[in-house]
Structures are given as structure tokens and as C-alpha cells.
1. Return the distance in nm (one decimal) between the two label points of a simple spin-label model at residue 485 and residue 603, each offset 7 Å from Cα along Cα→Cβ.
2. With the Cα gyration tensor of the range 2-190 giving a ≥ b ≥ c as the square roots of its eigenvalues, does the rule (a/c under 1.5 for rounded; else a/b larger than b/c for prolate; else oblate) give rounded, prolate or oblate?
3. Can you compute the helix-only [θ] at 222 nm over the chain? Use -39500 (n - 2.57) per DSSP H run of at least 4 residues, normalise by all residues, nearest 500 deg cm²/dmol.
4. Could you calculate the FRET efficiency of residue 346 with residue 156 from 1/(1 + (r/R0)^6), where r is the beta carbon distance between them and R0 is 41 Å, rounded to 0.05?
5. Taking a ≥ b ≥ c as the square roots of the eigenvalues of the Cα gyration tensor of the chain, is the shape rounded (a/c under 1.5), prolate (a/b larger than b/c) or oblate?
6. Kindly state, to the nearest 0.05, the FRET efficiency for residue 562 paired with residue 78, given R0 = 25 Å and r defined as their beta-carbon distance.
7. How long is the gain from residue 473 to residue 590 if the chain were fully straight, where each residue apart is worth 0.36 nm and the alpha carbon distance is subtracted?
8. What list do you get for 8, 312 if you sort them by fewest beta carbons within 10 Å?
């Protein structure tokens with residue numbers, strides 16, 4: 001595979017060279033290039049890190065010079081192209097899309113990994129493998145090319161000093177599943193990911209009560225968890241937004257005693273009495289302009305080059321609970337901000353007794369999603385500061401605590417966080433209104449995230465598929481319009497179960513019908529059972545580039561070449577006939593196979609048709625989940 005690497009100065013002067021990556025991999029010292037500018041030069045080296053491993057690009061400038069970016073340009077496959085949109089952060093939609101040369105260059109921006117497949121079967125696979133100093137991303141550019149960018153932020157590099165860019169995988173031979181497996185294997189090994197602590201299971205307040213949770217409600221549901229789910233492995237109560245004083249982005253993170261009269265320490269004592277662990281939600285590093293603390297942070301906020309404050313989001317399109325106020329980023333390069341961060345999380349770990357941290361909205365310290373622009377700091381490159389800040393949180397709470405990154409960058413979370421959210425929220429206020437997707441459209445889109453990001457699970461992170469929701473009534477706490485049919489509830493339960501990840505029910509358990517409570521219990525029961533039977537716990541897409549939605553996933557059973565757990569989906573509005581081909585899994589065609597329904601436990605022997613297929617009739621918005629064995 002070949003590509004063109006370009007370096008651009010802060011005043012827009014560009015130089016480039018062509019790289020043959022096969023040649024670079026074969027050369028032990030790498031390939032060296034000299035880029036000549038008017039009064040200085042930049043020596044660039046491209047070196048492979050080893051067989052099937054990424055490339056490292058480094059450079060040395062002959063004088064102090066401000067640089068804007070480095071970028072690698074690669075050609076997309078020929079003909080019609082499908083590509084994996086990996087999205088900009090944990091809580092953004094990842095999906096398979098068709099490349100449109102007219103629209104995609106304007107619309108596309110993604111982080112970490114890019115994969116494309118041409119109609120002739122050709123592949124292009126690119127992925128960043130380190131995330132330590134420079135912000136990286138993928139974008140389309142003119143001429144049917146993909147551009148891998150290394151942001152140099154217009155900062156001055158020192159003459160004679162070697163700058164090593166983030167490692168980059170470059171491949172044009174592997175199918176998507178194989179490349180994603182190779183990539184996550186490398187991430188786990190290179191970043192020395194430790195053994196995973198556990199799979200979180202329990203209850204969370206957000207999609208249940210939203211911002212209306214209070215001490216009485218939380219304790220009542222904790223007692224329900226103890227009664228109904230504790231024996232099935234549920235031992236966590238995670239309290240979300242609303243526990244803290246001064247709203248969602250008050251910055252100091254102290255108790256709201258009006259809603260929680262006994263405070264977080266008192267709530268922790270109650271949970272201890274029930275034998276349950278305590279988790280809290282935080283959105284650190286951000287402050288709302290209507291907060292009573294805002295004026296105290298005037299010298300600690302990120303500013304633009306003209307001295308004005310850098311707004312992250314909010315105001316007219318606010319995401320805060322009270323729907324007003326703009327949100328600004330604290331300068332995480334300043335020592336006072338680091339001291340405040342240390343104080344917040346020391347209080348949580350030592351005074352509140354928190355063992356599970358959900359840390360949210362922190363992608364806005366690197367990238368302003370609402371504006372589509374980067375956050376830059378004076379003291380260092382943004383990613384370097386972000387990594388220092390998140391590692392400070394880890395060091396403060398301790399390695400024994402569980403940390404989930406939500407609304408966060410994926411790559412920069414590696415090695416710091418135990419878990420990532422792999423999808424946006426499953427329930428939204430205002431769903432189905434003013435152009436927002438309907439509740440089932442959200443489920444359909446979230447499910448694609450969970451399936452396509454399955455490769456991270458238990459290699460690099462524990463995957464969090466978001467809330468287990470099965471309700472058949474409209475919650476009074478938020479206008480989310482989420483009322484699920486029997487088929488829809490079982491479908492989402494199947495997605496959560498086969499994700500292998502977190503199982504956190506977000507329901508008022510005492511309001512569920514006996515049938516829906518039984519479904520919740522079944523998911524907890526099966527999650528324990530399946531984790532002992534499967535190799536990787538997370539269902540992979542059978543066809544990664546199935547467009548527009550994955551309709552078949554699988555998990556290989558541990559130590560058994562003759563059995564798989566499979567899930568089939570009908571995302572459509574009409575009944576459909578779903579074809580299942582056992583020979584695709586077992587590699588040999590037989591007439592009969594044994595099927596065991598995962599939820600009911602019922603078994604049946606089914607015979608393939610003349611084409612080697614078994615055809616299932618599927619209702620709209622439905623799923624089938626079964627273990628299939630080769631007889």
C-alpha cells in the first residue's frame with residue numbers, strides 16, 4: 001500500500017512525499033525523507049514497529065518552527081465503497097455508510113479507526129495505535145481519498161528535537177473483522193492492559209429517574225435490587241446526574257443535601273447495609289456560566305487566541321438539566337485545576353466511599369462536538385494534557401476502583417479507564433420530536449454501535465452498552481417516549497446480553513409487570529451463564545459491512561468448534577424472512593442442526609433447505625437468540 005505524507009507549517013506552506021509501506025516495513029532503519037522549505041528543512045522517518053504492527057512517523061526540524069499538522073493521504077478502494085464511520089467519541093453513532101464523493105468530504109470526521117470495502121472486494125484499513133501527545137482523526141478529502149491527520153496545533157517545535165507522531169496501522173489486505181481483531185490485540189499488548197476487574201451489574205438512576213432522583217427513590221430501588229437481582233449478580237447502585245449541588249456542571253462536586261438529606265456518606269452507609277457497592281456520575285473539567293462558582297474560575301478557563309472564553313456547548317442548545325447556560329472547559333494544563341481535580345476525586349474515594357466512577361462529557365476537553373473544532377491549550381499539546389489529567393484521576397481514586405469513560409474519546413481512554421460506553425444514551429428526552437430519532441430508531445442505531453465496537457470488549461476495555469430497559473409504560477420523569485412492545489423489549493435485552501458488557505437496569509423495578517421483571521432477571525441469569533461458555537463474550541457481526549444495519553451476530557462457544565451463540569434481528573417495520581446459513585459457521589454442510597433458544601431454553605432440530613439455509617419468520621422489531629450445534 002502507498003500513501004502521501006504531508007507536513008504543513010502554521011502559515012500554510014506544505015511539503016509532501018510518497019511512502020511505499022511495504023518498502024518501509026522491509027527496511028530496518030525505515031525510510032527517510034527531507035522536506036525543504038525556504039530557510040529550513042524537516043527530516044522525516046517512517047519505520048515499521050514489526051510484523052503486522054503499525055508504523056511510526058517521526059521528524060526533526062532544522063530550526064524552531066510552528067507547524068500546523070501532519071497528514072497521510074490514502075486512496076479509497078475502487079468502485080462503490082462502504083466504510084466504517086467510527087464516530088468522534090464514545091457516545092456518538094458508529095455505523096456503516098456508503099461513500100458519497102459529493103457529500104462525504106464535507107460531512108465525515110472520525111477518530112481512531114477507519115475501514116473501507118470496495119465493490120470489487122478491495123480493502124483499506126487505517127487505525128491509530130497510540131494516543132499520548134497529538135490529537136488524531138480521519139477525514140475525507142477530494143479525489144476519493146481518506147486523510148489520517150496528526151494535529152500539531154500551530155505550536156513551535158524545537159530545532160534538533162525528535163518528535164514522534166502517534167503510531168498508525170496501514171493495511172489493504174485484511175477483511176474488516178480480521179483487521180479489527182488484529183488492531184485490538186495490538187492495543188491490548190502494547191498498552192499492557194491489565195486483567196479486567198469485573199463486569200459491572202446492578203442498577204443506575206439515569207434512564208429511570210433522569211435528574212429527578214433523590215435519596216428516597218434511590219434507596220427504594222436499592223432495596224428492590226437486593227430483593228430481586230442480588231442473587232443473580234447485581235451488586236452496584238450507580239447514582240447519576242443530580243446528586244451534586246449547583247447543577248450538572250457546577251465544577252466543585254459536593255452534596256445536594258436538599259435531595260439527599262444524609263448526603264453521599266449517608267447513602268453509602270445505607271448501601272453498605274444492603275451489601276451493595278456505590279457508584280457516582282461526574283462531568284469534571286467543565287463549568288456552566290450560570291453556576292454560582294463560575295466567577296471563581298475566570299483565570300482557569302480555556303481561552304481563544306483573541307482572549308475570549310472558549311465555549312464547549314450549551315446556551316441556546318443547552319444539554320443541561322435546566323436548559324440554559326453555556327458550558328466552558330477548565331484549562332487542564334493549569335496546576336490549580338489539577339489540584340481541584342485531585343480534591344474532587346479524593347473526596348469521592350475517601351469520604352463518599354465510591355468504588356465505581358462514571359466520568360462523562362470529557363471529550364469536550366479535546367474536541368468541541370457542538371462546534372466541530374479542537375480545544376487547544378497554551379502549555380502543551382491537548383492530548384498530552386488530557387492524558388496527564390485522566391491519569392491524575394486514576395492515581396487519586398486508586399487502581400482498585402472501576403472507572404467508566406462516557407462522552408469520552410476512545411483511544412485516549414486506553415490504559416486509564418476500565419470501561420467505555422460504546423453507544424449513545426438509549427433513552428432521550430424529546431425522542432421522536434423536532435427531528436430527533438424515535439425510541440426504536442435510537443435502539444436500532446445504538447445496537448449497531450454495540451455490534452461494530454464489540455472487538456474492544458475484554459481486550460482493551462469492558463464495553464458498556466448502556467441501560468437495560470424493558471418498560472411497557474411511559475415514565476413520568478422525562479419525555480423520552482420509551483414504551484416497548486414485547487418484541488422490542490426482548491430485542492434490546494438480546495443486544496445488552498450479547499454485548500458481554502455492563503448489565504445495569506434503569507427501571508423502577510416495583511413498577512414493572514411480572515413478565516418484564518422476569519425478562520430483566522433472565523438477562524442477569526444468562527449473563528452469568530454465557531460468560532463461562534463463550535470465548536470473547538461479545539457478539540461479532542457476521543458481515544462487518546452489512547448495510548445499512550447488522551442483522552446477524554455470533555459468539556463462538558469456548559472449547560467447542562461445533563457450537564455458536566447467534567442472534568438474528570429484524571430492524572424493519574414489516575415482517576421478514578431471515579435466512580440463516582449454518583454452513584457459514586461450521587465449514588461443512590449438514591442437513592440437521594440443534595437449536596436452543598437462549599431465553600426459553602427450548603430446543604429443536606431444524607433441517608436446512610436445498611440451498612443449505614434455514615429460514616426464520618421474524619416479526620417487525622424482533623430478534624431471535626439461540627445456540628446452534630452441529631449434530
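Rule-based calculations on the coordinates, nothing more; no lab input. Since this is a predicted model, take the numbers as computed values, not measurements. Here the Cβ positions follow ideal geometry from the backbone for every residue, glycine too, while neighbour counts run over all protein chains shown.
1. The answer from the label model is 3.2 nm.
2. In terms of gyration-tensor shape, prolate.
3. For the chain, the value works out to -6500 deg cm²/dmol.
4. The value I calculate is 0.70.
5. oblate
6. It comes out at approximately 0.05.
7. That pair, residue 473 and residue 590, stretches by 37.6 nm at full extension.
8. In order of increasing Cβ crowding within 10 Å: 8, 312.
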